[in-house]
1. Do we have B:Trp343 as modelled with pLDDT under 90, part of a helix (DSSP H, G or I), away from every other protein chain (no Cβ under 12 Å) and within 23 Å of A:Leu79 (Cα to Cα) here?
2. Go through the residues of the range B:357-378 one by one and say whether even a single one is closer than 21 Å to B:Phe115 by Cβ, more than 11 Å from chain A (Cβ to nearest Cβ), buried (at least 22 other Cβ atoms within 10 Å of the Cβ) and among the polar types (S, T, N, Q).
3. Grab the helices (runs of 4 or more DSSP H) fully contained in the range A:248-324, keeping just those with 2 or more residues being over 30 Å from A:Leu153 (Cα atoms) and within 12 Å of another protein chain (Cβ to nearest Cβ).
4. Of everything in the range A:81-106, what is of a type in the set (Val, Ile, Thr) and touching a residue at least 40 places away in the same chain (Cβ under 8 Å)? Give them in sequence order.
5. Can you name the number of the only condition in (1) away from chain B (no Cβ under 11 Å); (2) farther than 30 Å from A:Arg421 by Cα; (3) assigned to a loop (DSSP other than H, G, I, E, B) that A:Asn361 fails?
6. Being in a helix (DSSP H, G or I), more than 21 Å from B:Ile470 (Cα to Cα), more than 14 Å from chain A (Cβ to nearest Cβ) and at pLDDT below 85 narrows it down to one of B:Leu165, B:Leu197, B:Leu192, so name that one.
7. Taking the range B:441-453 only, how many residues are without any contact (Cβ under 8 Å) to a residue 12 or more places away in the chain and either surrounded by 12 or more Cβ atoms within 10 Å (Cβ to Cβ) or within 16 Å of the chain's Cα centre (by Cα) (or both)?
8. Considering only the range A:444-473, state which residues are over 29 Å from the mean Cα position of the chain (by Cα) and either surrounded by fewer than 19 Cβ atoms within 10 Å (Cβ to Cβ) or in a loop (DSSP other than H, G, I, E, B) (or both).
Amino acid sequence: MINHLLRKEILDQFLSLRFLILAALAWLVVGVGFYDGIAHYRSSVNAYREAQTATEERIQQLRDADGRISPTRWYYAELFGQGYLAHKPPSAMSLFVRGLAPVLGRTLRVKGGFTERRLTRSPVAEAPILEFFPSMDLGLVVQVVLSLFVVLLTYDAICGEKETGTLRLIASFPVPRDQILLAKLTGALAAVLTAFGLPLLLGVAVVLALPDVNLTGSELIRLGMIAAVTGVYLATFTCAGLLVSALTHRTATSFVLLLTFWVAAVVVVPRLSLIVADAALPAPSAAEFEGRKRVVYWEEDRARLARCIAWARDYEGATGRSHWVSPEGREAWYFMLQETKQQQRETAVSQRSRLEEAFRNRYDAWLGLAATMARFSPAFALSNASIRLAGTGMDRHKRFLRFCGAFLDRQHMWTHKTFLRGGLQRDHPGKYGAYRWDISDMPRFDYHDVWPVEDIRAAVTDIAILVFWGAALALGGYVAMRRFDVR
Amino acid sequence: MFRILVQKELAHYLLDFRFLAVFALCALLSPLSVFVGSRNYMHQRREYDAAVDARRRELAGWLEQGDFLALSERLSWDRRPEVLSALVHGLSSAQGREASLFYNASHYYQPPCQFEFSAYEANPAYRLFGLLDLALVVKVVLSLAVLLFTYDSVCGEKEGGTLRLYASFPVRRSTFALAKLAGCTLAVSVPLFFAFLLAAAVLSLSPDLGVSGSDWVRIAVLSGVFGVYLMVFSSFGIWASALTHRRLVAFLGLLGLWSVWLFVIPNAAVRVSQRVFPVPTFYELEREANRLRWEVAGNADAERAAYWEQGFRWSQLSPQERGVIWYQRRVRDEPIRQVERKWLGEYQGRMRALEGNREKQMRRQRDLAMALSAVSPLGAVTAVTTNLARTGFSQQERLANAWNTYRSYFYRYIREREAPPGERPDLADFSPFAYRDSETLGEVIAGNAFPLLNLALLAVLGFAGAYVAILRYDVR
């Protein structure tokens, strides 16, 4: 009997006009989503290539900086004051799940002096039109549009049959209620996965066949996990449809209730959770944090300058002449600069680390609370999991920022060491070697993506929540079906 | 008879369970979105106030101490968040909030005018969770709710058998059609009007927001524009209902239209405009700027070298002696200052031309995207409402123009006040940048006439189509 029921449910779904129209719409929306994703990825790659070319040309300029008439040009203007730009490479996974990539900065100015440790030139900052309309990011398409389509496929699975009278007929057969529900669930899942899963899988296959898209083994595994979590998400909404359909006796009521659930899950709960988290644990101000870091740096710099001025005064007092007029004086000056710079660095690094740790702890606590509450929404659980797996969220961005921070420290120290060396060589070529402008040992910005297992572990929590949602809704549907009055 | 039919339509909708659901949705989401939007605005406002306070103290210290170096290299300005972003977030989180000025005559670098460090960049969590504002609720949720309300206004009656009954009365089709349109529109308007009233109530109960009289007028106009937007969906809902004989087909057709209007057309418009009018990236601008700077600096160096050679036999001096002379005389010697003014002016002029060219290309691309997307009511309503709320493109453009004008003043001021090393110039008369958007409501409406007209035309088209479809409807 169960086979007959299964066959009946599957045919009911697949042969309905509703399935045809929703499947056609899904193909359209998913197709446009993939096209948009490819366009976004190609423009990101293009921008990255141009950025790298600009950086290479700039570094070549820096190599050629020597020979200028102005004596400070070779050091202060080009390396210390201007530096060059370093860039975060685009992730191929952003093709599928754009996540936060459009709003996260991609570019860091690397110079010898004080550098803000923050990235700028996000895609949206460069082309604000991208933020003007709801994007066709596939993650968003699945989260918002396809879930709505699933609601439309399933809202009348049970109450619709009651309204037409066929449910009473089926119930008159010697079939347990749970088998009826199982058949309905299977039929609905088959329809959902065929209508919406097929265009997604086909789109992925087409994208993977493109010559300019190269995914590594780890990325392919993550993509597989994203596909699985998408399936679980759609199955969760299928179970929700069946549950509500078994709780009501009118299709109109079922649809309105499901629409309310959809609005709450997709629109309201994630956004509201931020507000509630803010009320319980106010978010630390990023502007205040950046401002305090700047103050720390400039105060230290002012203190260092004061030490330098005091040293110069003492030197003049002891020798009767300015340090700058004699080679010995200039040599002592360079070594004093290096020492004070090292002191400044140690103090600043320690203060900055304390500030960063305090900010990070408060921020992580606030974000953790907001995420915990938002996970009541299956839509947020999907979004969070897929963004983590695709590497288009905060995790990859933070890894890149940490790399940038360490690199900037190295660059800063190298610039000052180079200045010191150049100055000493100019004044004492016999002692320190002939002066030669040479930046071949300048640290090169060479970032490579890593895909730590922690990202996957963190995504597993969201996947588990989604599975829990699906199971809970399926169980609820089972109980509701057992109690459903078919008369 | 017309009045009775309208009353019947109103009663039919007002007593329907769907009306209750849509009403509840509006009543819940509208004040909630305004509350959430207000909280976001207050959070941004607090950050802004803290940043402005810090910068004011910093600037006061520089001016008092005559710290010329700090003023010339570290001056920044923060964009004030807009109060109406609580209703229409627009681009306020995506656009940069800080702009910096940097002047150093010795290496000619002045960064292209750009606002950096947007709210999303400062705290990406807001993007992860999404921001809830009234515009999102109206554009996405309420438009869907309106379709739910109207999709079976005609075919539902046919399926229920009541349409044939009305057709048997001595009522002209045109009267019947007008009564249906009027009744349906009035019924849809009730929850929407209530939603906007609740939103206004939440705003007025938040005195910290500082909503001014002109802002209230803009809010009223915003409500009107949102109302027209929802009327488009209402009219097309009735039209689709009068084109089919089955409710399911009507609803699915409308869902397809909703998906295409909200997602496909706007994004397609953006991609098409990017293909038709490609804009060079910021990195290409950076490359051009580097090449230009190198060329200009080389020319300036050559002229300076000629001056030093003539006056000091430069080629015979040691690097240290050159350094001392350059350091002490660069600012004092008028011929050197003239060389720098000349080449700085050359660099700034050509740089401004490069930036201006890119801005023009971006504007062209954006205008095409907005024109194409106005085919969809979402595109039209987004363009109008963001400009009304001062969170759209035109405000950013005006701000960027004002900043560029100020930048010229700043460079002139710094050049004139540059003092030799060891001297502290008097900076007491320095004027910091101050900006307040002064566009009037009339100017906004005039500037957005095309999308407004589009929206109105779509509503008229929907009603006309529904009217004709009802006239031709087979009631048997």
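The values are calculated or read from the model by the stated rules, or taken from the named source; none is laboratory data. In this text the structure is predicted, and so the values were computed from the model without any measurement. All Cβ positions, glycine included, derive from the backbone under ideal geometry; neighbour counts span all protein chains shown.
1. For B:Trp343, the condition - modelled with pLDDT under 90, part of a helix (DSSP H, G or I), away from every other protein chain (no Cβ under 12 Å) and within 23 Å of A:Leu79 (Cα to Cα) - is met.
2. Within the range B:357-378, none of the residues are closer than 21 Å to B:Phe115 by Cβ, more than 11 Å from chain A (Cβ to nearest Cβ), buried (at least 22 other Cβ atoms within 10 Å of the Cβ) and among the polar types (S, T, N, Q).
3. In the range A:248-324, the matching helices (runs of 4 or more DSSP H) lie at A:269-280, A:286-319.
4. Scanning the range A:81-106 gives a single hit, A:Val97.
5. The number of the failed condition is (3).
6. When all the criteria are applied, what remains is B:Leu192.
7. Residues meeting the conditions: 2.
8. A:Ala472 - this is the single residue of the range A:444-473 that is over 29 Å from the mean Cα position of the chain (by Cα) and either surrounded by fewer than 19 Cβ atoms within 10 Å (Cβ to Cβ) or in a loop (DSSP other than H, G, I, E, B) (or both).
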